[in-house]
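Trainee: The structure that follows is given in the form of structure tokens.
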Amino acid sequence: MTLESLGWSDCFNQNFSTDYAGKGFLPARVWRTSKQIYHIFCEGGSFVARVSGNFRHRARVSSDYPAVGDWVAVKMKPDGIEAEIRELLPRKTVFSRQAVSASGTESKSAEQVIAANVDVAFLVASLDGRRGFSLRRLERYLTLTRNSGAVPVVVLNKADLSEDPESAAIKAREIAPGVPVHTVSAIGKNGVEPLRQYVTKSVTMVLLGASGSGKSTIINSMAGVELMRTSAVRRTDARGRHTTTWSELTVLDGGGILIDTPGLRDVQLWSGDSAIEETFSELQEIAKHCRFRDCQHSGEPGCAVAKAIDSGEIESSRLVSFKKQKEEIAAAMRRRNHGEKIKHVKPLRPRRKKK
Ligand SMILES: Nc1nc2c(ncn2[C@@H]2O[C@H](COP(=O)(O)OP(=O)(O)O)[C@@H](O)[C@H]2O)c(=O)[nH]1
Ligand SMILES: [Mg+2]
Ligand SMILES: [Zn+2]
């Protein structure tokens, strides 16, 4: 295993050689995490690692800990089996979502890293089912991807189950201007051929999409072997069971790195106002002509967006999605800023009646 085949590049090398090489640290990439245990690849192969006490001491929030796809600086233990993670290398790109944990009356919002250092994101949607895939969900994934810094590629899978895959592709292209859209059939022979153009040495790809859309099947098909467990779709709701519960990184024999992720049912956006603007670029373009610079497109006079909707130039559902995503990020920001200040509020006791 070479560092290059694991996705190592100059930008990591610069951070590493100056700071850590002198201390006898080795670069390694996290391929799976489970609680406190990190499974890592380094040039010598696969190892199990934990973070050092010093690392833990410095970590403030969960996103300070390594995630799948992260590069870390490790020190091998004398036993030659275990390694200790000393440092987390700066992330080139990061996919994160908002994880809200509620305990009692407190609700805390934290950034949860799904995958790090990803170059290309395959946004997988399934073409089976009567209602087709969700354009709204795709919009959310596009914002998530733009926010991460990776390049999005839309993958419409299960073309074999669709009567009209081409019109589905046209719809997807409409809401994803400038983004490549491929219709594939992961179970068919050579059905994932269009995706191979993205697979090159040192390139890291992640598969994102609802559970049952065929992410693991796509990985198996691209690898040519059964690497990931897949799951038959339940007849009632056309979704696969949750077979992939954690993100997991795989190095393909022919070059390229793939990260499988569990089905993210609802991606809660964590940040990225500018990413939203990219997702809705045509709307942004029109909004430049609104009379007010801070127009919210909610009935203000001289609103160019309202005019464009009236004339059928853009669909009103696009504006609804746009506002929803904006509000979600605003809410995440509020929670983040005030989350720690919210104290547990004692429930009011019923007042005793005076006798
Ligand atoms: N008909 C058809 N079924 C597929 C295709 N791709 C995946 N499946 C099936 O869909 C189910 C869910 O696939 P899986 O890869 O586990 O989905 P994941 O949850 O996104 O990883 C499995 O039963 C697969 O065999 C496809 O292109 N066509
Ligand atoms: Mg899976
Ligand atoms: Zn407006």
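The values are calculated or read from the model by the stated rules, or taken from the named source; none is laboratory data. Everything numeric in this text was worked out from a predicted model, so none of it was measured. Methodologically, a virtual Cβ is constructed for each residue, glycine included, from the backbone with ideal geometry; neighbour enumeration extends over all protein chains shown.
Residue by residue, here is whether (1) basic (K, R); (2) at negative phi; (3) outside the structural domain of S247 (by TED's automatic domain parsing); (4) under 27 Å from the mean Cα position of the chain (by Cα) holds:
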{"position": "V48", "(1), (2), (3), (4)": "no, yes, yes, yes"}
{"position": "N54", "(1), (2), (3), (4)": "no, yes, yes, no"}
{"position": "H57", "(1), (2), (3), (4)": "no, yes, yes, no"}
{"position": "G69", "(1), (2), (3), (4)": "no, no, yes, yes"}
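Trainee: Then there is this: Which residues, taken from segment 26-64, are assigned to a strand (DSSP E or B), modelled with pLDDT of 95 or more and more than 21 Å from W8 (Cβ to Cβ)?
Mentor: R50 - this is the single residue of segment 26-64 that is assigned to a strand (DSSP E or B), modelled with pLDDT of 95 or more and more than 21 Å from W8 (Cβ to Cβ).
Trainee: So, one more: Pairs please, first residue from segment 197-216 and at positive phi, second anywhere and part of a loop (DSSP other than H, G, I, E, B) and aromatic (F, W, Y), Cβ atoms under 8 Å, 6+ apart in sequence or on different chains.
Mentor: S202/W8
Trainee: Now for a separate question. Would you mind finding the one in T145, T183, T204 that is hydroxyl-bearing (S, T, Y) and surrounded by fewer than 21 Cβ atoms within 10 Å (Cβ to Cβ)?
Mentor: On the way: T145 fails: surrounded by fewer than 21 Cβ atoms within 10 Å (Cβ to Cβ); T204 fails: surrounded by fewer than 21 Cβ atoms within 10 Å (Cβ to Cβ).
Answer to the selection: T183.
Trainee: Is it the case that S46 is over 23 Å from A110 (Cβ atoms) and among the polar types (S, T, N, Q)?
Mentor: Against the criterion (over 23 Å from A110 (Cβ atoms) and among the polar types (S, T, N, Q)), S46 qualifies.
Trainee: So, one more: Just checking, which of S316, S311 is within 16 Å of ligand 3 (Cβ to nearest atom), touching a helix residue (DSSP H, G or I) at 6+ places or on another chain (Cβ under 7 Å) and at pLDDT 90 or above?
Mentor: Values: S311 fails: touching a helix residue (DSSP H, G or I) at 6+ places or on another chain (Cβ under 7 Å).
None of the other options fit; the residue is S316.
Trainee: Another one. With respect to A67, determine if the residue is assigned to a strand (DSSP E or B) and among the aliphatic types (A, V, I, L, M).
Mentor: On the way: assigned to a strand (DSSP E or B): no; among the aliphatic types (A, V, I, L, M): yes.
Taking the combined requirement at face value, the residue does not satisfy it.
Trainee: Moving on to the next point. Restricting attention to segment 128-185, which residues are of a type in the set (S, T, N, Q), at pLDDT below 90 and assigned to a helix (DSSP H, G or I)?
Mentor: T143, N147, S148
Trainee: Can you name every residue in segment 102-122 that is modelled with pLDDT under 95 and either crowded, with 16+ Cβ neighbours inside 10 Å or of a type in the set (D, E) (or both)? Don't jump to the end; show me each part of the working.
Mentor: Taking segment 102-122 as the starting set, the residues that turn out to be modelled with pLDDT under 95 are 102-115.
Residues satisfying the conditions are E106, S109, A110, E111, Q112, V113, I114, A115.
Trainee: Quick check on S247: is it in the same structural domain as V120 (by TED's automatic domain parsing) and at pLDDT 90 or above?
Mentor: Working: in the same structural domain as V120 (by TED's automatic domain parsing): yes; at pLDDT 90 or above: no.
For S247, the condition - in the same structural domain as V120 (by TED's automatic domain parsing) and at pLDDT 90 or above - is not met.
Trainee: Could you pull out the residue among A83, A99, A73 that is in contact with an Asp or Glu (Cβ under 8 Å, 6 or more places away or on another chain) and modelled with pLDDT of 90 or more? Before the answer, list the steps.
Mentor: Details: A83 fails: in contact with an Asp or Glu (Cβ under 8 Å, 6 or more places away or on another chain); A99 fails: modelled with pLDDT of 90 or more.
Checking each option against the conditions leaves just A73.
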